[in-house]
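Below: the structure, in structure tokens.
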Amino acid sequence: MNLDAIAPEEIVDGFMLPAKMTLEQKRQADQQLAVIRQKRLVEQSEQEKLYGQLLQLKIHIEDYIKQDTFDPKKGFAYFLQLYIELQHKKKIEVASELDIHKTKLSQLLSGRRAPSEDIFIRLEFHSNQFISARNWFRLSMKQQEYSIMTNSSLRNKEKKHVKGHLALEF
Amino acid sequence: MYLLNRGANPPTPVEAIIEPIAVSDLKKLTKKDFHFTWKDFTETELWKLRIADSKDMLGAMSLTYYPLEYRIEINLIASRSDNFGPGKQYDRIAGCLIGWACRLAVKEYGYLACVSLKPKTRLVKHYQNKYGMLDGGQQLYLEGRPLYTLIQTYIDHEP
């Protein structure tokens with residue numbers, strides 16, 4: 001099929017047709033783009049930067065939730081830390097904005113305290129609905145799921161409480 | 001992420017999925033179905049688009065990463081030949097694939113992210129009108145607000 005015979009409006013809905021360029025022409029085009037972008041980057045506002053950083057974090061959270069594997073270094077606390085860092089605010093300031101005690105925030109960040117539902121919802125509002133309570137919750141669940149699967153001391157302790165079990169024969 | 005099924009009356013959204021092209025997919029990327037010799041692009045990163053309840057590829061995309069420039073270049077996008085032109089069944093194929101490239105760029109490069117392309121001259125203004133692409137001299141590009149808008153419109157937006 002001859003793509004050149006198709007209306008441009010139709011082409012751009014289904015294709016990106018590249019121009020024919022030599023390697024040297026491509027190199028020059030890339031140099032030209034680099035100069036144009038450099039000027040724009042200087043003019044980028046702090047708000048625009050923050051939006052880009054938040055979007056990056058949101059995408060990392062979304063993709064991490066979808067992954068089958070859990071990285072013990074990447075629990076709820078890890079992403080909360082990133083969320084706070086990109087705002088360039090002191091922890092006490094963020095604690096105040098979330099209306100929680102600074103000690104509670106420290107405990108959440110160190111992983112010594114598990115987040116409760118109110119925290120997920122407050123974080124959603126804090127991010128102006130950008131990162132949903134559902135995704136903060138899912139991050140926390142991922143961590144709990146890993147803990148249930150791997151906490152052998154808890155499993156040994158709880159096994160003693162089970163006085164009977166199903167007799168299953170295959 | 002969704003495509004618009006124009007075969008239905010009224011047109012209805014259909015869930016779409018974008019995933020990496022597997023080695024087993026390569027033989028399906030024929031010139032007859034996807035207009036180009038995709039073997040020439042096997043050194044690049046290849047992605048495919050399909051609707052959620054079908055394994056058939058509807059679109060394909062080739063990308064190259066330029067980490068020092070915080071940029072991803074779209075080398076090529078093609079829709080399958082039976083879904084093309086005024087009689088096509090699904091809309092938004094290129095938009096979703098371009099939006100996906102933007103998402104990959106933000107994931108990798110944050111606020112410095114850029115997606116670029118070097119389209120045929122006769123198509124330049126149409127890409128600009130439809131996707132809000134910026135004039136980068138001899139090529140088009142997306143960064144900042146227009147790039148975030150495409151992610152919102154084609155990837156995150158739910159119908």
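The values are calculated or read from the model by the stated rules, or taken from the named source; none is laboratory data. The model shown is predicted, which means the values in this text are computed figures rather than measured ones. As a convention, Cβ positions derive from the backbone with ideal geometry for all residues, glycine included, and neighbour counts pool all protein chains shown. All accessible areas refer to the heavy atoms of the entire protein, side chains included, with ligands and DNA or RNA removed. Shrake-Rupley method; radii C 1.70, N 1.55, O 1.52, S 1.80 Å.
Accessible surface of the stretch B:2-156, 1.4 Å probe: 52 percent of it comes from carbon and sulfur atoms. Sequence-distant contacts, meaning Cα pairs under 8 Å at least 6 residues apart, place the relative contact order of chain B at 21 percent. List, in the order given, every pair from B:Lys31/B:Lys107; A:Lys102/B:Lys107; B:Lys48/B:Lys118; A:Lys20/B:Lys31; A:Lys39/B:Lys120 whose Cα-Cα distance in the structure shown is over 24 Å. Where the Cα-Cα span goes over 24 Å, the pairs concerned are B:Lys31/B:Lys107; A:Lys102/B:Lys107; A:Lys39/B:Lys120.
Taking a straight Cα-Cα cut-off under 24 Å and skipping sequence neighbours fewer than 8 places away in the same chain, the lysines within cross-link reach of A:Lys157 are A:Lys142. Each residue of the stretch A:40-55 was assigned a 3J(HN,Hα) from its phi angle through the Karplus curve 6.51 cos²θ - 1.76 cosθ + 1.60 (θ = phi - 60°); the sequence is 5, 4, 4, 7, 5, 6, 4, 5, 5, 5, 4, 4, x, 5, 5, 5 Hz, with glycine and proline shown as x. If you take all other residues with their beta carbon under 13 Å from the beta carbon of B:Ala94, and give Lys and Arg +1 and Asp and Glu -1, the sum is 0. The distance from the alpha carbon centre of the stretch B:10-28 to that of the stretch B:94-159 is 20 Å, rounded to a whole number.
The overall shape of the stretch B:100-159 is oblate: from the C-alpha gyration tensor, with semi-axes ordered a ≥ b ≥ c, the ratio a/c is 1.5 or greater and a/b is no larger than b/c.
Mind jotting down the distance between the C-alpha centroids of the stretch A:1-30 and the stretch A:115-170, whole Å? Cα centroid of the stretch A:115-170 versus Cα centroid of the stretch A:1-30: 50 Å apart. Helical runs assigned H by DSSP (4 residues or longer) give the protein assembly as shown a calculated mean residue ellipticity at 222 nm of -14000 deg cm²/dmol, each run adding -39500 (n - 2.57) before division by the residue total.
The dipole here belongs to the stretch B:2-156: it is taken about the Cα centre, uses +1 on the Cβ of Lys and Arg and -1 on the Cβ of Asp and Glu, and is about 500 debye.
Among the trypsin sites (Lys or Arg not before Pro) in the stretch B:44-116, those located in a DSSP loop and surrounded by at most 12 other Cβ atoms within 10 Å of their own Cβ are B:Lys55. Over all distinct Cα-Cα pairs of the protein assembly as shown, the Kirkwood formula returns a hydrodynamic radius of 22.5 Å. What's the Kirkwood radius of the stretch A:47-149 in Å, using all Cα pairs? Result for the stretch A:47-149 stands at 13.9 Å. Overall, chain A carries a charge dipole of about 1200 debye about its Cα centre when +1 sits on the Cβ of Lys and Arg and -1 on the Cβ of Asp and Glu, all other atoms neutral.
Sequence-ordered 3J(HN,Hα) estimates for the stretch A:127-140 from the Karplus curve with 6.51, -1.76 and 1.60 and θ = phi - 60° stand at 7, 6, 6, 6, 10, 6, 4, 4, 6, 4, 4, 4, 4, 5 Hz, glycine and proline given as x. Once B binds A, the 1.4 Å probe can no longer reach about 4400 Å² of accessible area, counting both sides.
For A:Lys159, a cut-off of 19 angstrom between C-alpha atoms picks up these aspartates and glutamates, skipping any fewer than 8 places away in its own chain: A:Glu145. Here the stretch A:26-102 is described by how far its Cα atoms reach on the three principal axes: 54, 34, 15 Å, from widest to narrowest.
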